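Remarks on the structure that follows.
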Amino acid sequence: MKVLYYGVHDDAYPRNSRIRGHLAERYGARVVVAARSRRRGRLVRALDDARGLWRGSRDVDVIVVSEMRSSHAPWAWLASRLRGALLVVDCFIGLHETAVLDWGSVRPGSLRALRLRLLDRLAVRLADVALSDTEPRAESLRRLGGSTPVVVLPVGAPAWARDLPPTDPGGTLRVLYYGNYIPLHGTETVIEALEMTVPHRSVELTLIGGGPRRDGIRRLVDRSGLSASCRFVDPVPESDLRAAIAESDVVLGVFGDSAKARSVVANKVWQGLACGRTVITQRSTALDELQVVAGARLVQTEPGDASSVAAALVAFGRSDHRPTARTPGPVAPALEALVARGYASLDAHLGAAGDRR
């Protein structure tokens, strides 16, 4: 099997890296990566992307449109039909939900918002197979996509995220946030929760990452009088996250107030659990299967409620506040079993792709 993986923004990003690895391992596929153009000028980038799509799709059996590039699904559909290839679109990140509902950078009801919603719908409807990451999000895509099959591929944890020695929560509680301070993560809620927590126990919050919203979070920390409890660290390579998790008692998930935030399972949730750490994140039906596997290691808080997050931090490790759910041993194998079920569903659609030519 030959596969074109089109529009990749970062070939080390866990989502497309894992899918490419599965295709290579399961099918012995030769995967050609067509990276997203970085050239200056919108027209120049568009022509460069189109050239990469056409050249890369020669003699392929499958074209996969990478996460964050679903707006290019119409062009990928045309190439797939001219080449006789199966089209798979990873709808991991929706255009409308991100720009309108999450970031708020596009006004709801505007022409641009309607255009983004149309592109999301086209991405699903034009695909032979669409991909999502959780069942609630897949259901939303099915309503958009009509008869297009939607396969849930959980994010999962990379190979480096495996069980670490336990920590001793008896002293200062070491809490870890990593990411780019995007609205999905609800970092403001985290800071508000920390302000409620410090009167009750000693806490150190390490925040790893960059992005345009980081300075605003630093100012919020200063205004809240939490500078002594927070340590800001510049972005690190993914391979260094294991060491940061090892030094932490708790890994934080997402606490945003958008519909997207209430339906995703972030990379850090999978990674923290696979490393054997307690993960605190807001409640979502997308977490149902993980909760069964992780037991007390997965603590869900009420959406948008900083006091609920603070209560979870205060209670962590205290014998009189132990969760009633069973705390399992290493959970990484069970997490991998959940992911494997999703990829088995994908295989059911791809199995005949090599015979299409």
* Structure fact -> Only one of 204, 188, 192 is open to solvent by 20 Å² or more (accessible area, probe 1.4 Å), without any contact (Cβ under 8 Å) to a residue 40 or more places away in the chain, part of a helix (DSSP H, G or I) and not hydroxyl-bearing (Ser, Thr, Tyr), namely 188
* **Meets criteria (outside any helix (DSSP H, G or I), of a type in the set (A, V, I, L, M, F, W, C), at pLDDT below 95 and crowded, with 17+ Cβ neighbours inside 10 Å) for residue 100** => no
* To do: Tell me, please, whether a residue that is more than 23 Å from the chain's Cα centre (by Cα) and either surrounded by 14 or more Cβ atoms within 10 Å (Cβ to Cβ) or farther than 21 Å from residue 115 by Cβ (or both) can be found in the stretch 68-75.
  => yes
* Structure fact -> Subset of the stretch 305-337, residues open to solvent by less than 30 Å² (accessible area, probe 1.4 Å), outside any helix (DSSP H, G or I) and either at pLDDT 80 or above or closer than 22 Å to residue 255 by Cβ (or both), comes to 331
* Asked: With 231, 223 as the choices, which residue is of a type in the set (Lys, Arg), in contact with a strand residue (DSSP E or B) (Cβ under 8 Å, 6 or more places away or on another chain) and farther than 28 Å from residue 93 by Cβ?
  -> 231
* **Filter result for the condition that a residue is farther than 30 Å from residue 338 by Cα and either open to solvent by less than 10 Å² (accessible area, probe 1.4 Å) or at pLDDT below 95 (or both), over 211, 216** => 211
* **Scan of the stretch 121-144 for residues that are of a type in the set (Ser, Thr, Tyr) and touching a residue at least 60 places away in the same chain (Cβ under 8 Å), ordered by number** => 134, 140
* Considering the stretch 129-142 alone, what residues qualify as being farther than 19 Å from residue 261 by Cβ and either open to solvent by 40 Å² or more (accessible area, probe 1.4 Å) or at pLDDT below 95 (or both)? -> 142
* In the stretch 247-267, the residues that are modelled with pLDDT of 95 or more and not in a loop (DSSP other than H, G, I, E, B) -> 250, 251, 252
* Count of the stretch 143-176 residues which are hydrophobic (A, V, I, L, M, F, W, C) and closer than 12 Å to residue 247 by Cα -> 4
* For the subset of the stretch 129-173 comprising residues that are part of a loop (DSSP other than H, G, I, E, B) and of a type in the set (Asp, Glu), which member is farthest from the chain's Cα centre (by Cα)? -> 168
* Asked: Which pairs do you get when a residue that is more than 24 Å from residue 51 (Cβ to Cβ), found in the stretch 11-35, comes within reach of a residue that is among the β-branched types (Val, Ile, Thr) and not in a loop (DSSP other than H, G, I, E, B), reach meaning Cβ atoms under 8 angstrom, with the pair 6+ apart or on two chains?
  -> 24/31
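Every residue, every condition in (1) open to solvent by less than 30 Å² (accessible area, probe 1.4 Å); (2) outside any strand (DSSP E or B), yes or no:
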residue	(1), (2)
32	no, no
37	yes, yes
46	no, yes
77	no, yes
82	no, yes
87	yes, no
* Select from the stretch 223-268 the residues that are among the aliphatic types (A, V, I, L, M) and free of Cβ contacts under 8 Å to residues at least 24 places away in the same chain and write down the one among them that is surrounded by the fewest Cβ atoms within 10 Å (Cβ to Cβ). => 228
* To do: Within the stretch 117-128, count every residue that is within 23 Å of residue 286 (Cα to Cα) and open to solvent by 10 Å² or more (accessible area, probe 1.4 Å).
  => 3
* Asked: If you go through the stretch 149-157 one residue at a time, do you hit one that is touching a Pro at 6+ places or on another chain (Cβ under 6 Å) and open to solvent by 10 Å² or more (accessible area, probe 1.4 Å)?
  -> no
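The values are calculated or read from the model by the stated rules, or taken from the named source; none is laboratory data. Predicted model, so just to flag it, every value in this text is computed and none were measured. So basically every Cβ, Gly included, is an ideal-geometry build from the backbone, and we count neighbours across all protein chains shown. Accessible surface areas use protein heavy atoms only, side chains included; no ligands, DNA or RNA. Shrake-Rupley method; radii C 1.70, N 1.55, O 1.52, S 1.80 Å.
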